[in-house]
1. Out of the residues in segment 65-77 meeting the condition of being without any contact (Cβ under 8 Å) to a residue 60 or more places away in the chain and assigned to a loop (DSSP other than H, G, I, E, B), tell me which one is surrounded by the most Cβ atoms within 10 Å (Cβ to Cβ).
2. So how many residues does segment 3-58 have that are among the hydrophobic types (A, V, I, L, M, F, W, C) and either without any contact (Cβ under 8 Å) to a residue 24 or more places away in the chain or surrounded by fewer than 14 Cβ atoms within 10 Å (Cβ to Cβ) (or both)?
3. Within segment 25-39, how many residues are among the acidic types (Asp, Glu) and in a loop (DSSP other than H, G, I, E, B)?
4. Could you pull out the residue among 80, 62 that is over 23 Å from residue 11 (Cα atoms), basic (Lys, Arg) and free of Cβ contacts under 8 Å to residues at least 40 places away in the same chain?
5. For segment 1-30, which residues satisfy the criterion of being hydrophobic (A, V, I, L, M, F, W, C) and within 16 Å of residue 73 (Cα to Cα)?
6. In segment 10-24, which residues are more than 15 Å from residue 37 (Cα to Cα) and assigned to a helix (DSSP H, G or I)?
Amino acid sequence: METAYVLVKSEMAHEMDVMNKLLQIDQVKEAKGTFGVYDIFVKIEGNTSREVEDVITKQIRKVPYVLSTTTLSVIPEQDKK
């Protein structure tokens, strides 16, 4: 299982629209609103790193009102659950 976290910037006043769309994506396990530079913190889990990459590039970035994303990939050797 591959895990990544994505920091999402959205258009002002559309944060909930974006969050609701993100939560409809199967690989999105959590989406939480945040204060600061980014508007939404997203946890993604996929079977492979390619699947995670595809979710980000082909689904999350295409959600209406998403302005930008920053991806934080987990280092497998340091993934302590």
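1. 65
2. As a first pass, look at segment 3-58 and keep what is among the hydrophobic types (A, V, I, L, M, F, W, C): 4, 6-8, 12-13, 16, 18-19, 22-23, 25, 28, 31, 35, 37, 40-42, 44, 52, 55-56.
When the remaining residues are screened for being either without any contact (Cβ under 8 Å) to a residue 24 or more places away in the chain or surrounded by fewer than 14 Cβ atoms within 10 Å (Cβ to Cβ) (or both), the result is 12-13, 16, 19, 23, 31, 35, 37.
The number of residues fulfilling the criteria is 8.
3. Initially, segment 25-39 is screened for residues among the acidic types (Asp, Glu), giving 26, 30, 39.
From what is left, the residues that are in a loop (DSSP other than H, G, I, E, B) are 26, 39.
Within segment 25-39, residues that are among the acidic types (Asp, Glu) and in a loop (DSSP other than H, G, I, E, B) number 2.
4. The conditions single out 80.
5. Matches in segment 1-30: 1, 4, 6, 7, 8, 28.
6. Across segment 10-24, the qualifying residues are 16, 17, 18, 19, 20, 21, 22.
No lab work stands behind these numbers, since they all come straight from the coordinates. What you see is a predicted model, and the numbers here were worked out from it, not measured in a lab. In this analysis, Cβ positions are derived from the backbone assuming ideal geometry, glycine residues included, and neighbour counts consider all displayed protein chains.
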